[in-house]
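Visitor: To start, I am sharing the structure in question, which I have written as structure tokens.
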Amino acid sequence: WVNIPVGLIAIVLVSRFIPESRAEVQRRLDLVAQLLVILMLGSLIYAIIEGAASDWREPGIRALFGLAAVALLVLVRWELRRTDPLIDPRSFRNVPFTGAVLTGICSFGCLGGFLFLSTIYLQEARGLSAVHAGLHMLPAAAAMAICPLPAAWLAARRGLWLPISLGGLALMLSMIAMSRLTETSGEFSLIAAFTMFGIGLGMVDGQISHAAVSAMPSSQAGLA
């Protein structure tokens with residue numbers, strides 16, 4: 001429930017302080033591309049979930065993976081012919097932009113795995129209540145909230161590469177540490193691994209957005 005007031009406050013603040021797009025021309029709605037993206041991601045995610053639960057060799061699972069691949073190919077061909085595409089495939093020729101996107105995919109893949117598996121580990125393997133499991137994850141959340149500020153400070157003085165590299169290193173070390181946790185691992189090891197994860201994601205999060213946006217023209221900041 002805490003997300004509801006936060007979301008409402010964000011809506012008010014964005015409408016009050018965030019300017020409209022700097023694009024000189026209003027982009028048209030690319031409905032076909034949106035439907036293709038939904039089809040691609042929906043098929044892919046459903047195939048991954050159901051394939052892991054049943055059998056990867058089932059014809060239905062293979063068909064879903066094939067459908068996702070076809071939707072991606074059609075999406076790329078469609079977008080290359082559009083004057084105002086939803087996602088311009090040519091943007092990925094920009095190495096800093098593509099690097100930021102790939103870093104973002106890996107980082108938030110780590111976050112999804114962390115939130116899901118840590119909850120199961122704390123409650124099922126260690127037998128903690130939901131409240132105590134949440135308290136054990138607070139250090140990670142606090143680090144995620146605090147670390148974007150020093151990351152921005154480092155980026156302003158040394159460039160984006162430093163906070164992103166340090167954040168990626170912290171994420172890697174935290175994942176190695178968490179992979180070694182057992183039911184009887186000490187509290188210090190647990191909290192240290194979680195905190196390091198929060199530091200890594202906090203260092204990377206805002207800076208990959210900055211890297212992606214700064215690599216593109218200002219008129220395409222929203223797309224980036």
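The values are calculated or read from the model by the stated rules, or taken from the named source; none is laboratory data. This is a predicted model, so every value here is computed, not measured. Don't worry about glycine lacking a Cβ; one is built from the backbone with ideal geometry, like all the others, and counts go over all protein chains shown. For the accessible areas, the whole protein counts, side chains as well, though only heavy atoms, and no ligand, DNA or RNA atoms are used. Shrake-Rupley method; radii C 1.70, N 1.55, O 1.52, S 1.80 Å.
Visitor: Rounded, prolate or oblate for segment 70-135? Axes are the square roots of the Cα gyration tensor eigenvalues, ordered a ≥ b ≥ c, and the cut-off for rounded is a/c under 1.5.
Guide: Working: a/c = 4.56, a/b = 2.98, b/c = 1.53.
Since a/c reaches 1.5 and a/b is larger than b/c, the shape of segment 70-135 is classed as prolate.
Visitor: So, one more: Please report the spacing between the Cα centers of segment 86-114 and segment 1-72 in Å, no decimals.
Guide: So the two Cα centres are separated by 14 Å.
Visitor: Rounded, prolate or oblate for segment 1-96? Axes are the square roots of the Cα gyration tensor eigenvalues, ordered a ≥ b ≥ c, and the cut-off for rounded is a/c under 1.5.
Guide: Note, shape of segment 1-96 comes out oblate.
Visitor: Still on this structure, I have one more. Just add up the charged neighbours of Val76: K/R +1, D/E -1, any other residue whose Cβ is under 15 Å from the Cβ of Val76.
Guide: Summing Lys and Arg as +1 and Asp and Glu as -1 gives +2.
Visitor: Run the quick spin-label model on Glu20 and Ala53: label points 7 Å from Cα toward the beta carbon, then report their separation in nm to one decimal.
Guide: Distance between the two pseudo-spin positions: 4.5 nm.
Visitor: Can you give the longest run of the chain that contains no GluC sites (Glu not before Pro) sitting in a DSSP loop with at most 14 other Cβ atoms inside 10 Å?
Guide: The segment 25-182 is the longest one with no such site.
Visitor: Something else now. Calculate what fraction, in whole %, of the accessible area of the chain sits on carbon and sulfur atoms when a 1.4 Å probe is rolled over the protein chains. Please list the in-between numbers first.
Guide: On the way: 10160 of 14560 Å².
Answer for the chain: carbon and sulfur cover 70 percent of the accessible area.
Visitor: Let me ask something else. To the nearest 500 deg cm²/dmol, what mean residue ellipticity at 222 nm is calculated for the chain from DSSP H runs of n ≥ 4 alone, each contributing -39,500 (n - 2.57), summed and divided by the residues?
Guide: Taking each H run of at least 4 residues, the total per residue is -25000 deg cm²/dmol.
Visitor: For Leu29 and Met175, FRET efficiency with R0 = 45 Å and r from the beta-carbon atoms, rounded to 0.05?
Guide: Once the sixth-power term is evaluated, E becomes 0.70.
Visitor: Could you work out the local net charge near Ala63, counting Lys and Arg as +1, Asp and Glu as -1, over the other residues with Cβ closer than 15 Å to its Cβ?
Guide: With Lys, Arg at +1 and Asp, Glu at -1, the neighbours total -1.
Visitor: Still on this structure, please answer the following. Going by a ≥ b ≥ c, the root eigenvalues of the Cα gyration tensor, does the chain fall in the rounded group (a/c under 1.5), the prolate group (a/b larger than b/c) or the oblate group?
Guide: The shape class here is oblate.
Visitor: Give me the 1.4 Å probe accessible area per residue for the chain, excluding ligands and nucleic acids, in Å².
Guide: That works out to 65 Å² per residue.
Visitor: Span-like helices, the chain: DSSP H, alpha-carbon axial extent 30 Å or more, mean Kyte-Doolittle -0.5 or greater, which ones?
Guide: Span-like helices here: 31-53, 59-80, 95-120, 187-214.
Visitor: Here's something else I'd like to know. Could you tell me the relative contact order of the chain? Use alpha-carbon pairs under 8 Å, at least six residues apart, and round to a whole percent.
Guide: Working: 207 pairs, mean separation 50.6, N = 224.
Across the chain, relative contact order equals 23 percent.
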